[in-house]
Amino acid sequence: MINQLESINRLLASVATLRIGYRANKKDVADYYRTHYVVPVGDSFSDTLGFALQLGLTDSDEKTISLSKLGQRYLELGTPKINTYRLEPNRAQRKLINEIIFSINRLADRIRKILAKFISDQAGVLSIAKKDAITTDPGMLGFLLQSGFFVEKGERIFVSPQYAKLPHGIAPVLSLEEFKRLQKARDVLALKAEKFVLRYERERLQLLGAQEQSGEIEHAAIKNVAAGYDVASFSGAQSKEHDRFIEVKAGSKERIRFFFTRNEFVVAEAMKEKYWIYYVCIKDGKPCKIVMHNNPLESIMKNHLFHHRTEVYEIFEA
């Protein structure tokens with residue numbers, strides 16, 4: 001795996017500049033690749049050519065190199081510049097490179113192995129700590145950072161938003177052991193958010209003068225996972241029984257994104273104003289913000305500021 005995406009542009013531009021008809025002399029291309037650009041060479045000519053051949057951007061025999069139709073298309077997507085080619089790939093070229101990589105099984109398998117080590121939060125956002133990522137196929141990881149498939153934010157690496165819904169065949173193939181590990185990570189995140197909400201509710205009620213109620217909040221999720229909510233709380237000092245039922249959602253971003261199960265929907269529909277969504281934003285492993293929505297079937301589902309889509313279908317015989 002080459003280290004610099006610019007090396008692909010450098011090679012293809014060299015072939016396009018030197019070719020006579022459809023082909024260019026391989027030795028001439030190699031010399032041009034090494035010497036005719038101000039930007040220092042980041043990868044060896046042989047490594048770059050091997051990768052270009054693997055991607056189907058070039059064709060080669062013992063003495064010559066030519067651009068494939070795909071390679072010509074890649075160059076045509078480049079940002080125009082008079083009498084030369086830009087080495088810095090633009091967005092369209094990066095997108096095409098990612099599409100090509102996804103279509104090659106051998107490379108797609110390497111991506112799957114990297115993604116299998118990513119952790120998904122409750123909102124489905126995939127990420128991994130940098131310190132954990134560098135031990136996972138650093139060549140492919142580095143290339144995907146350059147191509148824009150992955151992005152760095154702080155101390156974590158994320159799947160770029162434009163690739164968040166992974167292309168067919170690229171989603172990680174998880175073993176039972178890997179699935180359990182990911183599920184455990186999600187459970188830890190959920191429990192952290194629920195404990196944060198329990199503490200928040202106790203403090204909220206105490207500020208309202210509801211001392212008795214603050215001591216009777218229930219962590220429903222640990223008693224009944226099918227309850228349709230995680231915390232049973234109170235509106236205030238006037239409440240004689242639980243009348244605020246809270247479904248806790250967690251995510252790593254402040255913009256709300258979560259999954260809403262059929263059971264939660266049914267319970268929310270029945271409880272109406274007594275049902276709440278508390279969305280907890282968790283950054284660097286620490287809860288930092290709560291966004292609350294009362295009666296989410298009205299405040300979220302009928303709000304044009306939020307989008308919702310069906311992720312799971314229940315199939316049953318008539």
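Any read-out appearing in this document is the output of simple, stated calculations on the displayed coordinates, not a laboratory observation. Quantities reported herein were computed from a predicted structural model and do not represent experimental measurements. Every residue, glycine among them, receives a Cβ derived from its backbone with ideal geometry; neighbour counts consider all protein chains shown.
Assorted remarks:
- Inter-probe distance in nm under a simple model that places probes 7 Å from Cα toward Cβ, at Asn263 and Leu70: 4.6 nm
- Charge tally in the Cβ shell below 12 Å around Arg106, where Lys, Arg are +1 and Asp, Glu are -1, Arg106 excluded: +2
- HN-Hα J in Hz across region 232-243 - Karplus 6.51, -1.76, 1.60, θ = phi - 60°, x for Gly and Pro: 9, 10, 10, 6, x, 5, 7, 6, 9, 9, 4, 9
- Each other residue within a Cβ distance under 10 Å of Ala221 adds +1 if Lys or Arg and -1 if Asp or Glu, for a net charge of -3.
- Rounded FRET efficiency, nearest 0.05, which uses the C-beta distance separating Asn105 from Thr79 and R0 of 30 Å: 0.45
- The antiparallel fraction among DSSP beta bridges confined to region 183-299 stands at about 65%.
- Compactness index (Cα Rg / 2.2 N^0.38 Å), region 6-100: 0.97
- For the pair Asp132 and Glu212, the difference between a 0.36 nm per residue extended length and the Cα-Cα distance amounts to 24.2 nm.
- Computed over the Cα atoms of region 76-161, the ratio of the radius of gyration to the Kirkwood radius (Rg/Rh) comes to 1.04.
- Between 0 and 90°, nearest 10: helix 91-103 axis offset from the chain longest Cα axis: 90 degrees
- Subset of Lys117/Lys302; Lys223/Lys302; Lys195/Lys302; Lys195/Lys283; Lys249/Lys272 violating a 25 Å alpha-carbon distance limit: Lys117/Lys302; Lys223/Lys302; Lys195/Lys302
- Selection from Thr64, Ile114, Ala13, by position along the positive dipole direction of region 1-150 (Cβ): Ala13
- Rounded tilt (10° steps) of 6-18 against the dominant C-alpha axis of the chain: 30 degrees
- Which of His293, Ile217, Ile256, positive extreme of dipole for region 210-318 (C-beta unit charges): Ile256
- Shape call, region 111-163: gyration tensor on alpha carbons, a/c limit 1.5: rounded
- On the principal axes of its alpha-carbon atoms, region 183-299 has extents of 37, 30, 27 Å, going from largest to smallest.
- Estimated FRET transfer efficiency (Glu314, Val188; beta-carbon r; R0 35 Å; 0.05): 0.75
- Over all other residues within a Cβ to Cβ distance under 14 Å of Ala190, the charged ones net out to -1, with Lys and Arg as +1 and Asp and Glu as -1.
- Cα gyration tensor category, rounded, prolate or oblate, for the chain with a/c compared to 1.5: prolate
- If the segment from Lys240 to Asn25 were pulled out straight at 0.36 nm per residue, it would be longer than the present Cα-Cα gap by 68.7 nm.
- MRE, 222 nm, helices only [DSSP H, n ≥ 4, -39500 (n - 2.57), over the chain, to nearest 500]: -12500 deg cm²/dmol
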